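The values are calculated or read from the model by the stated rules, or taken from the named source; none is laboratory data. Since the structure is predicted, the reported quantities are computational estimates derived from the model, not experimental observations. Methodologically, a virtual Cβ is constructed for each residue, glycine included, from the backbone with ideal geometry; neighbour enumeration extends over all protein chains shown. Side chains included, ligands, DNA and RNA excluded: accessible areas come from the protein's heavy atoms. Shrake-Rupley method; radii C 1.70, N 1.55, O 1.52, S 1.80 Å.
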Amino acid sequence: MALRIGNMLRISKGVPKNLILTQATRSIQVGANAHLDQKVNVTMIPGDGVGPELMSAVKTVFKAAAFPVKFEEFWLSEIQDHNSEDVMQEASDSILKNNVALTGDISSRLSAMHGELASTKFLLRQKLDLFANVVRVKSFDGYQTRHNNLDLVIIREQTEGEYSSLEHESVPGVVESLKIVTRKKSKRIAKFAFDYATKHGRKCVTAVHKANIMKLGDGMFLESCQEVAKLYPKIKFESLIVDNTCMQLVSKPHQFDVMVTPNLYGNIIDNLAAGLVGGAGLVPGESYSKECVMFETGARHPFAQAVGRNIANPTAMLLASANMLHHLHFVKEGDLLSKAVTKVVNDGKTRTADLGGYATTTQFTHAVIDEMSRLQ
């Protein structure tokens, strides 16, 4: 393996070509934080699909730049049966100890008529109380889409709603699924959204709901948002039915600033909005509890068709890693990484297949490293 000590890079014989870094990486050294004794522990869960390949890209970049982070890896997988209670406990203990995690998508089985209904990733979110998922959808100047210059934030409550895993077959052929909505958690996510808007200088919060049909459940969510909105008079509050929200997003997306949603609607809108700026490979995300933060891709997809082909786009995961560095107060390092990734995407010379290019994951990763060297 390629090993960096200080600002020196040694390449061992027999290392696969896709792991050998370019000459430009030799000069990357980031400030006084790049000392081995100052490394911060971060929990890493590679996940399924292309998750391990994306994490390999992250580790390659971090090693080349000597970023002061040490990853503690845990392999959680539902489809590969690496989801025992012991493994789940070890992973969650590590996250709570480190307060920060970087995770890939943990795929779920498509059906489970018998056995555990809750998915592994849902159980992990419940265990850690990761109640707020934040996805910032921002356009890249160099990648043109139907709607350019977008910058909106989707904040999703992700511990209840339709994803509560409370289902049963009451009689053969009839399944009842329970949607759980509580005032306490509705107010909590609403307050989080308004606090986020205040902190980041946002002007408007839009609550997305279906209270015209689900009068009790979504009605309570909407009422909770309305009550919290009164505590923030400087921020405009709006509400919109979810089906109209989807139409407005694809026709006039610039009207949105911060959106706060229940679980299912937020999941759908995350993916829709990611498509507006170029797809799931470009949008980072993060999930918050009172105790920890989990950084991840904004639109959670395993990209099973790309597994093992070295064609996955690491942009979203690298940007999530940059956000993680900012969260850890390594501002210089986070800025360097985010600027380098953004520059590579905007230049358009090294694009993966999802963006219409022919670059491999490895080539994109090396392009980011080269750009970091130039920005140094």
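General observations
- In loop segments of region 334-371 as defined by DSSP, the trypsin sites (Lys or Arg not before Pro) with at most 13 further C-beta atoms inside 10 Å of their C-beta are Lys349.
- Among the listed pairs Lys39/Lys63; Lys138/Lys234; Lys138/Lys290; Lys203/Lys252; Lys199/Lys290, a Cα-Cα separation exceeding 22 Å is found for Lys138/Lys234; Lys138/Lys290.
- Projected over every direction and averaged, the convex hull enclosing the alpha-carbon atoms of region 152-197 yields 4.2 nm².
- Fraction of antiparallel bridges per DSSP, the chain only, in percent to nearest 5: 50
- From helices alone, the chain scores -12000 deg cm²/dmol at 222 nm; the rule is -39500 (n - 2.57) for each run of n ≥ 4 DSSP H residues, then divide by the residue total.
- Loop sites here are GluC sites (Glu not before Pro) outside DSSP states H, G, I, E and B with no more than 15 other Cβ atoms within 10 Å. The longest part of the chain free of them is 117-290.
- In order along region 131-148, the phi-based Karplus estimate (6.51 cos²θ - 1.76 cosθ + 1.60, θ = phi - 60°) of 3J(HN,Hα) comes to 7, 10, 9, 10, 10, 9, 9, 10, 5, 9, 4, x, 10, 7, 10, 4, 10, 9 Hz; Gly and Pro are listed as x.
- Estimated inter-spin distance, Gln363 and Gln38, nm [label 7 Å along Cα→Cβ]: 3.6
- GNM top mover of Leu128, Leu178, Leu102 - the chain, alpha-carbon springs below 10 Å: Leu178
- Residues of region 165-212: accessible area per residue with a 1.4 Å probe, Å²: 58
- Ordered by solvent-accessible area of protein heavy atoms (1.4 Å probe), largest first, the residues Ser186, Ser251 come out as Ser251, Ser186.
- Mean separation of Cα contacts under 8 Å, 6 or more apart, over the residue count of the chain: relative contact order %: 19
- Amide H contacts under 5 Å for Glu73, placed H, 5+ residues apart: Met44
- Label point at Lys236 placed 7 Å out along Cα→Cβ; residues across region 196-213 whose backbone nitrogen lies under 12 Å: 203-206
- Percent carbon-and-sulfur accessible area, the chain, ignoring ligands, DNA and RNA, probe 1.4 Å: 55
- Coarse-grained scattering of region 42-99 at q = 0.16, 0.30 Å⁻¹, given as base-10 log I(q)/I(0) from a Debye sum over alpha-carbon atoms: -0.54, -1.19
- Estimated FRET transfer efficiency when R0 is 41 angstrom, pair Glu72-Glu227 (beta carbons, to 0.05): 0.50
- In this structure, Gln255 and Leu216 have a Cβ-Cβ separation that, at R0 = 22 Å, corresponds to a calculated FRET efficiency of about 0.15.
- Sorted largest first, extent of region 265-351 alpha carbons per principal axis (Å): 35, 34, 26
- Cα-based shape type of region 143-268, given that a ≥ b ≥ c are square roots of the gyration tensor eigenvalues and the cut on a/c is 1.5: oblate
- Here the relative contact order of region 308-376, from alpha carbon pairs under 8 Å that lie six or more residues apart, stands at 36 percent.
- Shown is the FRET efficiency for Leu178 and Glu85, computed with R0 = 30 Å from the Cβ-Cβ distance and rounded to the nearest 0.05: 0.80.
- The heavy atoms of His326 present about 60 square angstrom of accessible area, all protein chains included, probe 1.4 Å.
- For the set His301, His329, His366, His254, solvent exposure ranked by accessible area (probe 1.4 Å, protein chains only) runs largest to smallest as His329, His254, His301, His366.
- Charge tally in the Cβ shell below 11 Å around Ala312, where Lys, Arg are +1 and Asp, Glu are -1, Ala312 excluded: -1
- Computed from the alpha carbon positions, the gyration tensor of the chain leads to an equivalent ellipsoid with semi-axes of 35, 24, 20 Å, biggest first.
- For region 246-376, the solvent-accessible area of protein heavy atoms averages 38 Å² per residue (probe radius 1.4 Å; ligands and nucleic acids excluded).
- Top of Val205, Val87, Val345 by mean-square fluctuation, Gaussian network on the chain, Cα under 10 Å: Val87
- Two tests apply to each whole DSSP H helix in the chain, Cα reach of 20 Å or more along its axis and mean Kyte-Doolittle hydropathy of at least -0.5, and the ones passing both are 51-65, 263-277, 331-347, 361-375.
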